[in-house]
Every structure is written in structure tokens, then in C-alpha cells.
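Novice: Could you have a look at this structure, given as C-alpha cells, before my questions?
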Amino acid sequence: MSYSRIAERFLQLVPVLFGVSVIVFLMITLTPGDPVEIMLADQRATEEQIAALRRDMGLDKPLAERFFHFLVNAVQGDFGLSFFHRRPVIDVIAERLPATIELTLASMLVAIMVAIPLGVMAAVRRDTWLDRACTVGGLFGVSMPGFWFGILLILLFAVELRLLPVGGRLGYDYEVARITGMVLIDSLLAGRLDSFRNALAHIALPALTLGLPSAALLMRVTRASMVEVLAADYITFAEAKGLSRLRVLARHALKNALIPTVTVAAIETGALLGGNMIVETVFGWPGLGRLVVESIFARNYPLVQAAVLLYALTYVLLNFVADILYTTLNPRVRL
Amino acid sequence: MSQPAPTPATAPNGGLPAAERPESPLHASLATFRANRLSLGAAILILVFALIAILAPLIAPHDPADGDLLRRLQPPAWRPDGEWSYLLGCDALGRDILSRLIYGARVSMMIGLIVISISATIGTLAGLAAGYLGGITDTLISRLVDTLLSFPYLVFAIGLMAMMGPGLHNIILALVYKEWVFSCRVVRGATLAARELEYVEAARALGCTRAHIMLREILPNILSPVLVVATFRMAYIIIMEASLSFLGLGVQPPTPSWGSMVADGREHLLEAWWVATLPGFAILALVLAINVASQGLRDAFDPRLRG
């Protein structure tokens, strides 16, 4: 895919990104009630304090002007102050973001490691008990509410078997200097294998909770695409040449069958960001998702607004990456 | 004037005997659905949940909001200290879990049905307009759809609920705001394809209005994908409602919701596992049944959608 096509596709994102900013702006602006009064509801604020906050938030200005300021500030990463933390919103988000990225990547790794082997086996052994078991497992995966699945895993692995911790990110006895903010990577960079093992034990249950439902979806995609590839003429030809079954699968079939899987995995990574809010709440994972949920109850609206915008932008960009990946891996597709 | 069904050449006065009469597409689809035992079983299970929801005041053994602190975290009947009059035990406020599950079915099914009905109606009308009228209407609707699709669903719903505040009406609104885009996309695609077909050309040639062509000609012919999409989206909506209620952003106490029941039970996981786990089984059973039934519907009504 040429650079000009990528640039053209990127330019198509501009109206979508603009639309996303409008919606996020309107979320706080057009909701019923006065946001300032809602924010200060429990705090017995005086009329002067309410007026001052309204002025600070620019609520006394016309809508169009407020949107323009919101957009200009957002582009500069300025989302105002987090009321609760009394620090710029962007700093608070930056502090929590690595934990969420770490959990999302670990979950996607779980999803891929489960989905690809099972999807391939289900396709190769089509209509056998294994295929049917994968179909049933996939159905359960997409039907299970994430928060409940997390609780079941806690009950089994943390409460009954006492194999893994109930929640948190790192045991109290461990400390790792912050380099990337991702504890697993920082432990390795610092050469602390004990911390790495402890962090791995902490991330296991949240990553399974978030990753297994995605695995169900990826497995279906892998299976469907592998079934299609296995019926193609070039596979019959490769087998007729006398190549071993394993070689045909690994060298010829898998390479093509994984194109849709890679694409869906990129899109699904964006969707996992939403699931993070639930899983981080269940496991007390100190990431952005939990921060957003806490901020909702603390009526910390600037932070919620900034986080929703950030999630949406990441989702749009991951969809863009998925498009590019799909076209690059499969030259027959032209955007 | 919908797409003409094939009529047998020899059909005087009432047509062929029943045995020889060609089966209508609807009957054929229903027969295919009925032949799929798993989907039929799932449909029956959904019906059971619907009956439980409707008859909740008659079949619930206790008042779902009535707590008895002496029965705090009482275990289910089959465990030591359990009682058969409180079959699934009690929660931290001593409320009967079975009665709360029964009333919780009302919330889940009602929100699922209301959200899907409103969203499918809006999405279908918007999709018909975008697909048939084209031009600026299509551009505006499609850009709005693209923009709404740019938000992860839960993030969007949580953002809206954060601003609007929790409650039954707000949860319905928060879900409808995004949900309609899914049926809109399907209907737009189907309408774009139908627009070029002969029966639509014929209606145009006869001078039918655009509204007539969209609503009376195209709509009846694209209803099956709408139905299929609506069914499997309903499973998703039920999980979304439960997730929002779990976070405390959904239906508020004392109204029982399966999601908030799991959240309440989480506080007492070590001493009373049943409080958090039993409502989850209810969610799983209903969502699984809807997913299985929707697969059956998809296979029966629109084999082209098969994965």
C-alpha cells in the first residue's frame, strides 16, 4: 500500500475525529441540569463559588466559543484541572495509563495464544468433537458478563486454590522503579525477576478475564478463515506435491488464514479498552478504567471527558491500523 | 407492492391443494428454525424468562425489597443452615435472592426489549433514508454512524451515564444513542442493494412516492436481516445493562438488577459466594439462550449471514 493511500485514508479520519470531539464536548454541555451545580451538589458552595467555577469552566460563554476553546485546549493536551487530584487532568491520566496499556496488551496476548491454536485445530478437525467444543466454548465466551467471570476466577484461583492474588498490581513487599510505568517491563529492565514473577501473578486473572472473551471472537474468525483457506486450490496443490500436513498448514495455510485474525485483533484491542473499566474495578487494578469509574462518582467531569476522548481516539487509530494491516497483508484488497 | 412470490401456473380458484402449494419464504424459514432443536430449546428458555418477568409478582416467594437482618447472608437451601422457603439464600440485607432474581429478570428483559425496539426503529428508518435517498442525507447519516462507531460501546455508555446520572430512563437513552447505528448500517447496505432491483424500479415507474417505496416496497423485503441483527444485539444490550448496573451507574436500589446484585455480592465473596455468583448464572443463561436462538434465526432467515 502506497504512502499516498495511507495519507488519504488518514485524512478520511479528520471528519470522524471532529465528530468525536463534538460528541465528547456535548456530553458535558447538553446534559440536563447545570454541571457546576451537579459538581458542587454535596459541598454547600456559595453563589460566588458557583459563579467562579462557572467562569473557570467557561460556561458563561456562547456554545460555539466554548467548543472552539475545548478543541484548541484538547489539541494541546489541556483538559483543565482534575478537581479531586488538584493537578492537570492530563498528568493524572498519564500516570494511570501505563497500567491500562499493560493489562490490555497482556489480555490480547492471552486472547491470541488461546484463539489461534484452537481456531486452527477446530478448522483442521472440522465437525469433530473438538470443533464442537470450540464452538460451545466460543458461545460461552461471548455470553459471559466480564465482571462475573472475573469474580468466578477470583473464587477459584484466589479464594479456593490460593494460587493467585485477589487483586492489585504488585505485592506490598515489592517495589520497582518507574521507567515505562508498566511493572512487568520495568521489573525486567531493573533485572528484578522476583518482582516480575509477582507482577505476573497479579496480572494473570485480570488478563484472563479480559482476554478469554476476546479469544472466543478471534477463535471464530481464525476458524472461519482457516476453513476457507483449507478449501483453496493451492492447498490441494501443496498436498499433492507431497508436502507434510504440518508443513502445508504452517507454511501455506496459516499465513493467509491469519490475515483476518490480525485485523480483528487490532480492532478488538480498542474494544478491550472499554472492558478495562469493568475488569480494573473487579480486580482493583490501578489503571485508567478504574480512575474513570472513581471520577464518575467523585463528579470529576473534566477527567471523565478527557478519558472518553482518549479512549475514542485510540479506538479510531486502532481501527485505522487494522485497515492498513488488512490491506498491506492482503494486496487483493484496495481501500 | 412487495417482491412477487412465484405463483404456480395452475392456480384457479384458491390454487393448488395444500400439499402441493409452494411454501412461503416465511414458512420455510420458520420450519428451518423449528428443525434446529438447540435454537428451539433456546427460544423456549427465552420464553420462560419472559414469563418469569411478566409473572414476577405472582411467582416471587418474597418481596424483593423486604430485608430481614436475622437472615443476613443465609446460605441456599441445600447447604447447612439453609431453608427451603429461601431456596437460593439471602443477601447482605437479608433479602431473598430468588425473589430478587425473578424481579431482576424484569429489568433485564424490559431494558433489552425497549432499547432494541427503539434502536431498531430509528436505525431502520435512518438506514432506509441513507440507502434510498443517498446524497447529503446518506453523507450526514453515514458520518454520524462512523462517529458513533468510533467510541467503544461501554466507554460511550459510561460517559453518558456519568453525565446524565444513573436511573432506568437514562440507561435506556444511553444505550439507544449508540445502539441504533448497528441496524442502520445493516439496513443501509440492504437498501442500497434493493434500490437497484426490478420491483423497486417498477414501483418508481408506477409513480409511487419515495416514502411508499421505502416503507411499503423495500422495508418488507429487508426485514429478516433487521430481525436477526436485533436478536443478537439484544444479548449484548443485556450484558451492557448488567455491566452498567454492576458499576453502580444503572438501575438504582431498591429495584433489583442482576448486575447490581453481583456488585453487592462482591463485598461478601469470602463468606457468601452465592450472593455474587447466582445472578451471574441468570445473566449467562439468558444471554446464551438469546445468542443460540439468534444463530438459529440467522441460519433460518438469512443463510447469507452465516459466518
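The values are calculated or read from the model by the stated rules, or taken from the named source; none is laboratory data. Remember, it's a predicted structure, so these values are computed and weren't measured experimentally. With ideal geometry, Cβ positions are generated from the backbone for all residues, glycine too; neighbour counts draw on all protein chains shown. Protein only, heavy atoms only, side chains kept; ligands, DNA and RNA dropped before computing areas. Shrake-Rupley method; radii C 1.70, N 1.55, O 1.52, S 1.80 Å.
Novice: Top to bottom by accessible area (1.4 Å), largest first, where do A:VAL114, A:VAL229 land?
Specialist: Working: A:VAL114 50, A:VAL229 20 Å².
The residues order as A:VAL114, A:VAL229, largest area first.
Novice: Here's something else I'd like to know. Which value, in debye to the nearest 20, gives the size of the charge dipole of the protein assembly as shown about its Cα centre, when Lys and Arg are +1 and Asp and Glu are -1 at the Cβ? Present the calculation step by step, with values, prior to reporting the outcome.
Specialist: Numbers: 51 positive and 49 negative charges, 351 e Å.
Taking the Cα centre of the protein assembly as shown as origin, the dipole is about 1680 debye.
Novice: Still on this structure, please answer the following. How big is the equivalent ellipsoid of chain B along its three axes, where each semi-axis is √(5λ) from the Cα gyration tensor, reported in whole Å from largest to smallest?
Specialist: Numbers: eigenvalues 393, 130, 36 Å².
For chain B, the ellipsoid semi-axes come out as 44, 25, 13 Å.
Novice: Quick one: accessible surface of A:ARG197, probe radius 1.4 Å, all protein chains present, in square angstrom to the nearest 10.
Specialist: Ignoring ligands and nucleic acids, A:ARG197 comes out at about 150 Å².
Novice: Given R₀ = 56 Å, FRET efficiency for A:ALA52-A:ARG251 by Cβ-Cβ distance, to 0.05?
Specialist: Working: r = 69 Å, r/R0 = 1.23.
For A:ALA52 and A:ARG251, the calculated efficiency is 0.20.
Novice: Taking a cut-off of 24 Å between Cα atoms, list the lysines near A:LYS241, but don't count ones fewer than 8 places away on the same chain.
Specialist: Qualifying lysines at Cα under 24 Å: A:LYS255.
Novice: Follow-up question, since we're still on this one. Can you work out the base-10 log of I(q)/I(0) for segment B:45-94 at q = 0.18, 0.30 1/Å, using the Debye formula on its C-alpha atoms alone?
Specialist: Here log10 of I(q) over I(0) equals -0.65, -1.03.
Novice: Can I get the semi-axes of segment A:89-329's equivalent ellipsoid? Compute them from the C-alpha gyration tensor as square roots of 5 times the eigenvalues, in angstrom, largest first. Working shown, then result.
Specialist: Values: eigenvalues 257, 85, 63 Å².
Square roots of five times the eigenvalues give 36, 21, 18 Å.
Novice: A follow-up question, please. Full-extension gain between A:ASP127 and A:VAL72, please, as 0.36 nm times their residue separation minus the C-alpha to C-alpha distance. Walk me through the numbers on the way to the answer.
Specialist: Details: separation 55, 0.36 × 55 = 19.80 nm, distance 5.68 nm.
Result for the pair: 14.1 nm of gain on full extension.
Novice: State the percent of C-alpha pairs, over all pairs in segment B:242-307, separated by a distance greater than 16 angstrom.
Specialist: On the way: 1225 of 2145 pairs.
Here the tail beyond 16 Å accounts for 57 percent of pairs.
Novice: Let me ask something else about it. What is the spin-label model distance, in nm, from B:ARG79 to B:HIS268 if the labels are put 7 Å beyond Cα along the C-beta direction?
Specialist: Calculated label separation equals 1.0 nm.
Novice: With the Cα gyration tensor of segment B:133-188 in hand, give its eigenvalues times 5 under a square root as the equivalent ellipsoid semi-axes, listed largest first in whole angstrom.
Specialist: Values: eigenvalues 124, 23, 17 Å².
Working through the eigenvalues yields semi-axes of 25, 11, 9 Å.
Novice: Another question, if that's okay. Based on the Cβ-Cβ distance from B:LEU192 to A:THR236, what FRET efficiency comes out when R0 is 45 Å, to the nearest 0.05?
Specialist: Details: r = 36 Å, r/R0 = 0.81.
Calculated transfer efficiency: 0.80.
Novice: Now for a separate question. Taking Rh as the Kirkwood radius, which is the inverse of the mean 1/r over Cα pairs, what is the Rg/Rh value for segment B:28-174? List each step's numbers first, then the result.
Specialist: Details: Rg = 21.9 Å, Rh = 19.3 Å.
Using only Cα positions, Rg/Rh for segment B:28-174 is 1.13.
Novice: Any idea how far apart A:GLU65 and B:ILE59 come out in nm if each label point goes 7 Å out from Cα toward Cβ?
Specialist: About 6.1 nm separates the two model spin labels.
Novice: Same structure again: Once you order the gyration tensor axes a ≥ b ≥ c over the Cα atoms, which shape class does segment A:188-335 get: rounded for a/c under 1.5, otherwise prolate or oblate by comparing a/b with b/c?
Specialist: Here segment A:188-335 falls in the prolate category.
Novice: If you project the alpha carbons of segment A:65-133 onto their three principal axes, what span does each projection cover, largest first, in Å?
Specialist: So the three principal-axis extents are 62, 26, 17 Å.
Novice: Compute the Cα gyration tensor for the protein assembly as shown, then decide on rounded, prolate or oblate, letting a ≥ b ≥ c be the square roots of its eigenvalues: rounded whenever a/c is under 1.5, prolate when a/b is larger than b/c in the other cases, and oblate in all that remain. Spell out each step's value before the answer.
Specialist: Working: a/c = 1.28, a/b = 1.25, b/c = 1.03.
Rounded is the answer for the protein assembly as shown, as its axis ratio a/c remains below 1.5.
Novice: Would you tell me the accessible area of A:ILE151, worked out with a 1.4 angstrom probe on the heavy atoms of the protein chains, in Å² to the nearest 10?
Specialist: 0
Novice: I would also like to ask the following. Just to be sure I understand the model, the point goes 7 Å from the Cα along the line to the Cβ. What's the resulting B:LEU87 to A:ARG178 distance in nm?
Specialist: Rounded to a tenth, the inter-label distance reads 5.2 nm.
Novice: What FRET efficiency, computed as 1/(1 + (r/R0)^6) with R0 = 56 Å and r the Cβ-Cβ distance, is obtained for B:ARG72 and B:THR137, rounded to the nearest 0.05? Please list the in-between numbers first.
Specialist: On the way: r = 59 Å, r/R0 = 1.05.
Once rounded, the FRET efficiency stands at 0.40.
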